[in-house]
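> So that we are looking at the same thing, I have put the structure below in structure tokens.
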Amino acid sequence: MTMIPDRRKLYHKRDRLRQLRAFCHAARYGSMTQAAEHLLMSQPAVSLHVRELEHELEAVLFERHGPRISLTQAGECLFRLAMPLVEGMDDIPDVFAEELDDGDLTGELNIASGDAGTVYVLPRVIKRLRDQSPGIRVRVSTGVIGKGLEMLLDDEVELVFGSRGPVSKAIVYRPVLTYDLVLITSEDHPLAGRETVSPAEIASYPVIVPDFGTYSLQGGESPLRHLGIEANVVIEVGGWDVVERYVEAGLGIAFYGTFCVSEESRLSVIPLREYFPKRSYGWFMRRDRALSRFAERLIEAMDAEYPDPS
């Protein structure tokens, strides 16, 4: 006996992308009408696609409040799953064209980074990117990581680079390298050459910290609070590279990430593993956004420079 397929189900499956695009854009705008304008469709057509999707999934995706709509719990779940797929499908023509002529990529990539990453990590990565794709212009906003994450959520930047810290569920973090927190001193400091140091000894010497407008989630005075000491902070100065110069000059001691210490540094480095666990440095992106080809190329360059995050 020949089975006759249900044409309605076949139609819905063929139209799945249209349904998901209508749903995702309605969710983004909180309006069927605005979604229709964005998709160049009629408002009834968008509403129909959403109703078909709700019927097929047997779930209510929106709460209706007159012309305004808001996601239900089921709707939030579907939006989180579907939006990257929809954006990826919408980007296929552009990405395909870029892949055919990847070396000629031209455009601008906006990223944010903490001061330490801007100085010690990103130069090598961006050089590799520019060597491969000289048409990409990179704009780096440098400052507190918290501000960078706000910019990420506001779509002002596509990626944020920094040390891992508390973030919202809307943000994905991926580590690139691990590092230790150490104490740095000048080469002629009384603590220089030590293999370990106590919190009391740290508290007995002047401390230098980067100013609040530059340091990341895990820098500045937070190690002092972690150790439970009230150190004598004598200088607050902008930038980790500037902190290093002041320490080299014998003006005080400072906490530093090992990824910031180079062979050329005229410093004495004292381990603090007994007080602080290993930390990680990496990049943040929005969970509901697919990366542009520019951002993907930057991540590829970073993976090539730092192949093993462990």
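> Tally up the carbon and sulfur contribution to the accessible surface of the chain as a whole percent, 1.4 Å probe, everything protein left in place. Walk me through the numbers before you get to the answer.
Values: 8690 of 16480 Å².
Reported share for carbon and sulfur atoms: 53 percent.
> Turning to a different aspect of this structure: Which one, ILE92, ILE136, ILE184, has the greatest fluctuation when you compute a Gaussian network model over the chain with C-alpha springs under 10 angstrom?
ILE92
> With charges set only on the Cβ (+1 for Lys and Arg, -1 for Asp and Glu), what does the dipole of the chain come to about its Cα centre, in debye to the nearest 20?
Dipole size: approximately 1280 debye.
> If I ignore ligands, DNA and RNA and count only protein heavy atoms, how much of LYS127 is accessible to a 1.4 Å probe, in Å² to the nearest 10?
120
> Also, I was wondering about something else. Using only C-alpha atoms and all pairs of different ones, pull out the Kirkwood radius for the chain in Å with one decimal. Intermediate values should be presented prior to the final figure.
Numbers: mean 1/r = 0.0440 Å⁻¹.
One over the average 1/r among Cα pairs gives 22.7 Å for the chain.
> Under the Karplus relation 6.51 cos²θ - 1.76 cosθ + 1.60, θ = phi - 60°, what is the ordered set of whole-Hz ³J(HN,Hα) values for segment 118-125, x standing for Gly and Pro?
4, 7, 9, 10, 5, x, 5, 5
> Give me the net charge of ARG287's neighbourhood, meaning all other residues with Cβ under 10 Å from the Cβ of ARG287; Lys, Arg count +1, Asp, Glu -1.
Here the charged neighbours net out to +3.
> Of all the Cα-Cα pairs you can form in segment 173-310, what percent are over 21 Å apart? Kindly include the intermediate steps, with their values, before the conclusion.
Details: 4435 of 9453 pairs.
Summing the P(r) of segment 173-310 above 21 Å gives 47 percent of all pairs.
> Against the longest alpha carbon principal axis of the chain, how many degrees, from 0 to 90 and to the nearest 10, is the axis of helix 73-100 turned?
Its long axis makes an angle of about 80 degrees.
> Using Cα springs under 10 Å in a Gaussian network model of the chain, which residue among ALA82, ALA22, ALA36 shows the largest mean-square fluctuation?
ALA36
> Give the Rg (one decimal place) followed by the Dmax (whole number) of segment 33-77, computed from C-alpha coordinates and expressed in Å.
10.7, 28
> Report the relative contact order of the chain, percent, no decimals, based on alpha-carbon pairs under 8 angstrom and at least 6 residues apart.
Working: 506 pairs, mean separation 64.7, N = 310.
Relative contact order comes out at 21 percent.
> Kirkwood Rh over Cα pairs of segment 18-146 into Stokes-Einstein at 37 °C, 0.692 mPa s: D in µm²/s?
Translational D for this selection: 186 µm²/s.
> What number, rounded to the nearest 500 deg cm²/dmol, is the helix-based mean residue ellipticity at 222 nm of the chain, given -39500 (n - 2.57) per DSSP H run of at least four residues and division by all its residues?
Rounded to the nearest 500, it is -13000 deg cm²/dmol.
> Now for a different question. Using the alpha carbons of segment 240-307, what is the convex hull volume per residue in cubic angstrom, as a whole number?
Numbers: hull volume 10.2 nm³, N = 68.
Roughly 150 Å³ of hull volume per residue.
The values are calculated or read from the model by the stated rules, or taken from the named source; none is laboratory data. Bear in mind that the values here come from a model prediction, so they are computed numbers and not experimental data. Methodologically, a virtual Cβ is constructed for each residue, glycine included, from the backbone with ideal geometry; neighbour enumeration extends over all protein chains shown. Ligands, DNA and RNA are stripped out before the accessible areas are found, and what is left, the full protein with its side chains, is counted by its heavy atoms. Shrake-Rupley method; radii C 1.70, N 1.55, O 1.52, S 1.80 Å.
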